[in-house]
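Please read the structure below before turning to the comments.
The values are calculated or read from the model by the stated rules, or taken from the named source; none is laboratory data. A quick note: this is a predicted structure, and the numbers were derived from the prediction, not measured. With ideal geometry, Cβ positions are generated from the backbone for all residues, glycine too; neighbour counts draw on all protein chains shown.
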């Protein structure tokens, strides 16, 4: 038996586009003599469809796509995920299902059992879990059909669910498992995905065909990396990361096993590629082509420009250099050097005159009150407004350049440097930013060395340095990681050896800047815990604040 | 038996503050000779605690509050909601529980069964549902303890759940039901709450004591309205809306029934009071006192100013009048008249000079390109920056004045008029805004009649009117209501008699402005479907867009 896995860049709600890609893949699989072609979870409507699922019309369009696919199943079976209606009056109105299509009929439907409802996932919001399990019989083989999370709760000490779906299918003696996934990237995910598949192999000793989405849906980036595993626990194949593709597998070869084809998983290189795809898909899926950003001479905006040029093409990226009276000469020079290295269009728009116009109007109100964060923020907001003016006039979408360390502690100006349609680096800590810069410069100096080596500064007052108001990043970032990614309690972080006053101060900064993060752009997610829909915190809360 | 209901304004994560209020209520109930005093859902930590629940330290603090309350239970029983740990390895780590405390012991714990995971609710994100049910025996009575949603799925045709918790408790023959709730306000909620309680009375024929939170937690406003219902289906008492309070009930009197004390429920007056409380609590729970907003002479900012003055006191509200060359004289005069009527501080800061400074810097880039939305947005962003400058310099928090109709169709400038810490009117349609104005002016002209009567305009270009780019509000708002509140399919809205082209255009405007709503302030929720955490839509989606 021959099985094809089609790793596709789906687009939420783009039924026509998703169907077209699937029909093309079916044709390729048929040409290759495949018996089955497999697609990912909710392949008809894209993932995550969120509250579009509350519209009956939306669900009907998914059924229509299934109808169109059925017409192609005279000589090949199609396995795909799609929402289906729950016929029972009790429970949620929909199931998240995997369908087995053959001979113009839906031969079998298995609903998803484990509905991830944590981090970025909201599946119990819309779906009723499965309470019945079975296998589909096809050409003398029995196949266990599963959806994403259904294979993830195997062999853990603290399972999040009370059912192990594959355990319920094993009494039917399946020959292999197909898993239709939409499992978003983080820099650890490919590793944990393989560990999960191997845990299933150890428990069930039958092959698994795991097919994932690829491509970005706003903040969520799907990395592909679809997997075929052999009963001996080897990874028979791992499909490429961040690329669409279709591959075809002979079941007997897979059962034989004995080969392991796992890909390299370098964290920084994965982050780099994920961010490029994240930018690319944000633009292409919204029908956009051009970006703008402010280039400060600092490392964050430099990296953002590099990634944007790679994602969209240098001729589609335009940068603004907006020096103030507090900007150093090298800032402008470093920014110019980068623009030249990348071959991107730049404009120099000094902000002094506009800033002074603001201060003149505010003088009657401010009187002799001293310079403070107000004046710093006005500078940042003048820059935000200039960036947005370019955006509005020329259709370039503003990229936000804030890093995760700044986002965490609220070191940024709302409606100023926090402007932008998408946050490129909002899930990358400053200490990782430096590694990303080294990675970008690994062959030649694209980002000027001075940009990398100078002490970070917002340059909003004379001789300002980030370290004036924040702990050094090599102290700050590990504390943030303990608190945000690991959700460790303050006393445990302190017990791990961090200075108590610093820990308390940092956690307070994080919790009292929730209001800023609430109003910033979606953040391309590359870590296991990004700001945004995966981290939901009260604004008026009074905890560690 | 005497039962007290304490309707309290809890504060998320403010364990000390919540405990103090509960201890005071216990003392009052004891003085009144009560046998039991009841508090709301998650009364220790406040509702909704969101991902604070992922910190063990946070949950421990809730246990500590329970310990403190236990010390007060020698002569009175306490019923309250609090998170408890799930001792089983399988399933989520926490339960959302109601505890019965007496004689310094936790006599009984009933976990919540129905975990709302829709609209603004995310409970399955954190909690494992109950799978066992019972009653607590106390002074010869059997009491069924329930948490909020547990009573809401009774007697509906399309239940969202597969279990009816009270049905599972009835075999134990409870004498009455206590429901500990945290059920957020919308203008229909008091009515549906009463209908729900009555449906339970019809089914079970035993009294119910329903205790709700009061007070706002950022966007969610809890209205109180705690209820006591008699077995005959009468509402024995309904506690006040939007006010803390404690009341004491004799069980025999409640059982006797025959009296119905439902309060009046005028939609506009409820919205008015909810918004005032929403503003008040946003400020007080963040330790803030002063507000600023831009007063345009239009109706939205006028109403926002009125509500702010009512919530915070006139002397804590400061307004900016920021005329441009496109502002009409009457705009400034209407705004001045309102400021005078309210006795609030005002400043006039014309934006012409700053706007021209921007245009001068952009001239080399813009050349002869015609005036378009870019220049309109610059004006809005100059105002946003001026408002924020006042906010930063004087500590006044900026109130956003955008209404729901504008939010829906993206008729507003990101980082301009969409700035602000909290959106006061973002859940109030323009047609409701007029009713709110009439309500405010019911005794005397607070909002100048001219503000109410003139055609709505953003005044960002000569002679601009909202109706130049949007359908009239009496057409627009009903279409938005069908789509947003009722989640009706486009073809059904058209079939209901609306012009097809208008419907398609409006729905497209809604879906393509998701990116703006993603970056705006939290919206005080007064409808059954507000923008924000209750409505989660993809940004790069391609559906009706």
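Observations
- Any hit, segment B:18-31, residues being closer than 25 Å to residue B:129 by Cβ and within 12 Å of chain A (Cβ to nearest Cβ): yes
- Wholly within segment B:459-545, helices (runs of 4 or more DSSP H) carrying at least 2 residues that are more than 14 Å from every other protein chain (Cβ to nearest Cβ): B:466-469, B:473-480, B:500-512
- Scan of segment B:172-196 for residues that are surrounded by fewer than 17 Cβ atoms within 10 Å (Cβ to Cβ) and in contact with a strand residue (DSSP E or B) (Cβ under 8 Å, 6 or more places away or on another chain), ordered by number: B:172, B:173
- Of all residues making up segment B:332-363, the number that are in contact with a strand residue (DSSP E or B) (Cβ under 8 Å, 6 or more places away or on another chain) and over 23 Å from residue B:394 (Cα atoms): 1
- Output for segment A:308-321, where each listed residue is more than 16 Å from residue A:394 (Cβ to Cβ) and either in contact with a strand residue (DSSP E or B) (Cβ under 7 Å, 6 or more places away or on another chain) or modelled with pLDDT under 95 (or both): A:309, A:321
Yes/no per residue for (1) within 14 Å of another protein chain (Cβ to nearest Cβ); (2) in contact (Cβ under 8 Å) with a residue 60 or more places away in the chain; (3) outside any helix (DSSP H, G or I):
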residue: B:121; (1), (2), (3): yes, yes, yes
residue: B:124; (1), (2), (3): yes, no, no
residue: B:132; (1), (2), (3): yes, no, yes
residue: B:137; (1), (2), (3): no, no, yes
residue: B:156; (1), (2), (3): yes, no, yes
residue: B:159; (1), (2), (3): yes, no, yes
residue: B:167; (1), (2), (3): yes, no, no
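- Screening residue B:467 with (1) closer than 30 Å to residue A:385 by Cα; (2) in contact (Cβ under 8 Å) with a residue 40 or more places away in the chain; (3) out of contact with any helix residue (DSSP H, G or I) (no Cβ under 8 Å at 6 or more places or on another chain) gives one miss only, at (2).
- Looking across B:426, B:420, one residue alone is closer than 23 Å to residue B:332 by Cβ, in the same structural domain as residue B:302 (by TED's automatic domain parsing), modelled with pLDDT of 95 or more and crowded, with 22+ Cβ neighbours inside 10 Å. It is B:420.
- Residue match in segment A:103-119 (condition: away from chain B (no Cβ under 14 Å), in contact (Cβ under 8 Å) with a residue 12 or more places away in the chain and within 26 Å of residue A:532 (Cα to Cα)): yes
Table: residues versus (1) at pLDDT below 95; (2) more than 25 Å from the chain's Cα centre (by Cα).
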site	(1), (2)
A:455	yes, yes
A:466	yes, yes
A:472	no, yes
A:475	no, yes
A:480	no, no
A:488	no, no
A:492	no, yes
A:505	no, yes
A:541	yes, yes
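- Single residue of segment A:324-370 satisfying the filter (farther than 27 Å from residue B:324 by Cα and part of a loop (DSSP other than H, G, I, E, B)) that is nearest to the other protein chains (Cβ to nearest Cβ): A:370
- Of all residues in segment A:197-216, none satisfies being surrounded by fewer than 24 Cβ atoms within 10 Å (Cβ to Cβ), within 30 Å of residue B:518 (Cβ to Cβ), within 24 Å of the chain's Cα centre (by Cα) and touching a residue at least 12 places away in the same chain (Cβ under 8 Å).
Conditions (1) surrounded by fewer than 20 Cβ atoms within 10 Å (Cβ to Cβ); (2) under 28 Å from the mean Cα position of the chain (by Cα); (3) assigned to a loop (DSSP other than H, G, I, E, B); (4) free of Cβ contacts under 8 Å to residues at least 60 places away in the same chain, marked per residue:
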site: B:34; (1), (2), (3), (4): no, no, yes, no
site: B:44; (1), (2), (3), (4): no, yes, yes, yes
site: B:47; (1), (2), (3), (4): no, yes, yes, no
site: B:59; (1), (2), (3), (4): no, yes, no, yes
site: B:69; (1), (2), (3), (4): no, no, no, yes
site: B:75; (1), (2), (3), (4): yes, no, yes, yes
site: B:81; (1), (2), (3), (4): no, yes, no, no
site: B:87; (1), (2), (3), (4): yes, no, yes, yes
site: B:98; (1), (2), (3), (4): no, yes, no, no
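- Any hit, segment B:112-126, residues being in contact with a strand residue (DSSP E or B) (Cβ under 7 Å, 6 or more places away or on another chain), crowded, with 23+ Cβ neighbours inside 10 Å and more than 29 Å from residue A:52 (Cβ to Cβ): no
- Matching residues in segment B:187-208 - criterion: being farther than 14 Å from residue B:224 by Cβ and touching a helix residue (DSSP H, G or I) at 6+ places or on another chain (Cβ under 9 Å): B:187, B:188, B:196, B:197, B:199, B:200, B:203, B:204, B:206, B:207, B:208
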